[in-house]
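This report concerns only the one structure given below.
The values are calculated or read from the model by the stated rules, or taken from the named source; none is laboratory data. Model, not experiment: these values are computed from the prediction. With ideal geometry, Cβ positions are generated from the backbone for all residues, glycine too; neighbour counts draw on all protein chains shown. Side chains included, ligands, DNA and RNA excluded: accessible areas come from the protein's heavy atoms. Shrake-Rupley method; radii C 1.70, N 1.55, O 1.52, S 1.80 Å.
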Amino acid sequence: MAGIVLDRIEKSFGETRVLKGVSLSFDAGSFISLVGPSGCGKTTLLRIIAGLEQADRGAVSIGGRDVTRIRAADRDVAMVFQNYALYPHMTVEQNMALPLVMRRLTTLERAPFIGRFVSGTGARRAAILEEVAQAAKLLSIGHLMERRPGQLSGGQRQRVALGRAIVRHPKAFLMDEPLSNLDAALRHDMRRELVDLHKRIGVTTVYVTHDQAEAMTMSDKVAVMLGGNVLHFGSPREVYEQPATIDVARFIGSPRINILAGEADGEGRVSVAGVPSGLVAPRLTGKLSIGVRPEHLTLAAQGISVTVGHVEFLGSEVLVYARETREGSDLILRLSPEAWETASSRQTLTVAPLAGRLLAFDPVGNRVGLIGSETAARIGAGGMQPQPTEAAHV
């Protein structure tokens, strides 16, 4: 296992700046996802870690070793590609064995006919095939060893590509959207298998995806990228519940987060769509953007008035698409079927956010802390000092 450190990585293609000084540190043995929309720079960053691209500025360290100027073949990392990159004329066994054959056998020993007569070649080939068999057993593809890629399903080809990486015993796995070519059901199964595989092997894994569900369900930490920058790096729960910026909040979460117009008065008291929230944004006045997740809105006697539009019944939950009547902002509510049953006959509803579930963002999009009005009053009276963690978790 090896940790990976990226120090102020910059990369441009012509006049286009793809990476703008990215610095990240991945713990040894962790599973890290780089997630973001197409064109955000995540694949380029992965290729720089692998050595397939050279950074214009910055440094890459793997296992405490500076590999910035070291070629890809000498970095001891294994990459799994989106298109599997299997050789169609080779069997599964031959595809998986190829990295070890190239590394352990000389050119003469690899020769189809002459190689078998070179002393020691047979023993080395037997050792390679034994390691391949162990990897195949780990991936449950031992029965496919004599087949060729064209005779395999998408999920089977993906396992072969993983097996080819595993036999190398690399310091790190680098995966570039490896599940994107699979159907939805198979992607779900393969996510679970990849997580189980990582737990068994324990090798540092950097996983690139545009699918937030993959990033959130598989990773120890998630790096959310946009426009060549890392906007937030943290645990899936932290990224979801405490996004650093409004762009992170909008990208993470399905259905999307609701963004409402808010305002802090001269004393920092925050109102949402004209309704007092009972919260205070210390030392802030003026316009705010208020975020609230669909599951954090509930039906209430008093609160924000909304007009119901489209309704989606999904069995275990109901998604209600509505419009806030004061500012005209679109809203999504995630309700239980029982809660929706009591309100389904009404065209206009009153909703309120669950306590402590509002997220506030300043005019430039950075998240700001909110505290309860009673706490703010005690602070103003000098009875206590504000705690950063208190504000951060509201």
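Taking the criterion of being in contact with a Leu (Cβ under 7 Å, 6 or more places away or on another chain) and open to solvent by less than 40 Å² (accessible area, probe 1.4 Å), the residues of region 245-263 that qualify are Thr245, Val248, Ala249, Pro255, Asn258, Gly262. No other residue among Leu179, Leu174 is outside any helix (DSSP H, G or I), without any contact (Cβ under 8 Å) to a residue 40 or more places away in the chain and buried (at least 19 other Cβ atoms within 10 Å of the Cβ) apart from Leu179.
Within region 196-217, the only residue that satisfies the criterion of being among the hydrophobic types (A, V, I, L, M, F, W, C), closer than 12 Å to Ser30 by Cβ and open to solvent by less than 10 Å² (accessible area, probe 1.4 Å) is Val206. Looking only at region 239-270, residues that are under 23 Å from Val320 (Cα atoms) and hydroxyl-bearing (Ser, Thr, Tyr) come to 2 in all. When you go through Gly328, Gly278, Gly266, Gly315 one by one, which is the residue that is modelled with pLDDT under 90, outside any strand (DSSP E or B) and open to solvent by less than 50 Å² (accessible area, probe 1.4 Å)? Within the list Gly328, Gly278, Gly266, Gly315, the selection yields Gly328. Restricting region 72-113 to residues that are farther than 17 Å from Ala161 by Cα and of a type in the set (A, V, I, L, M, F, W, C), the residue that is surrounded by the fewest Cβ atoms within 10 Å (Cβ to Cβ) is Phe113. Could you please let me know if Leu299 is assigned to a strand (DSSP E or B) and open to solvent by less than 30 Å² (accessible area, probe 1.4 Å)? When the stated conditions are applied, Leu299 does not pass them. In region 254-269, how many are over 11 Å from Leu288 (Cβ atoms) and either of a type in the set (Phe, Trp, Tyr) or under 28 Å from the mean Cα position of the chain (by Cα) (or both)? The number of residues fulfilling the criteria is 5.
Scanning region 1-16 for residues that are surrounded by fewer than 18 Cβ atoms within 10 Å (Cβ to Cβ) and small (Gly, Ala, Ser) yields Gly3, Ser12, Gly14. Give me a count of the residues in region 111-145 that are within 18 Å of Ile201 (Cα to Cα) and among the β-branched types (Val, Ile, Thr). The total comes to 2. Going through (1) modelled with pLDDT under 90; (2) out of contact with any Lys or Arg (no Cβ under 9 Å at 6 or more places or on another chain); (3) part of a strand (DSSP E or B) one by one, Leu260 falls short only on (1). Return the total of residues in region 164-184 being farther than 23 Å from Ser38 by Cα and over 18 Å from the mean Cα position of the chain (by Cα). Total meeting the criteria: 8.
Given region 72-161, what helices (runs of 4 or more DSSP H) lie entirely inside it while holding 1 or more residues that are closer than 30 Å to Lys42 by Cα and at pLDDT 90 or above?
Values: elements: 92-104, 107-110, 121-138.
Filter on region 72-161 gives 92-104, 121-138.
Just one of the numbered conditions (1) surrounded by 23 or more Cβ atoms within 10 Å (Cβ to Cβ); (2) at pLDDT below 95; (3) of a type in the set (A, V, I, L, M, F, W, C); (4) under 17 Å from the mean Cα position of the chain (by Cα) is not true of Met190: (1). Of all residues assigned to region 38-58, at least one qualifies as being part of a strand (DSSP E or B), in contact (Cβ under 8 Å) with a residue 40 or more places away in the chain, open to solvent by less than 50 Å² (accessible area, probe 1.4 Å) and within 25 Å of Val224 (Cβ to Cβ).
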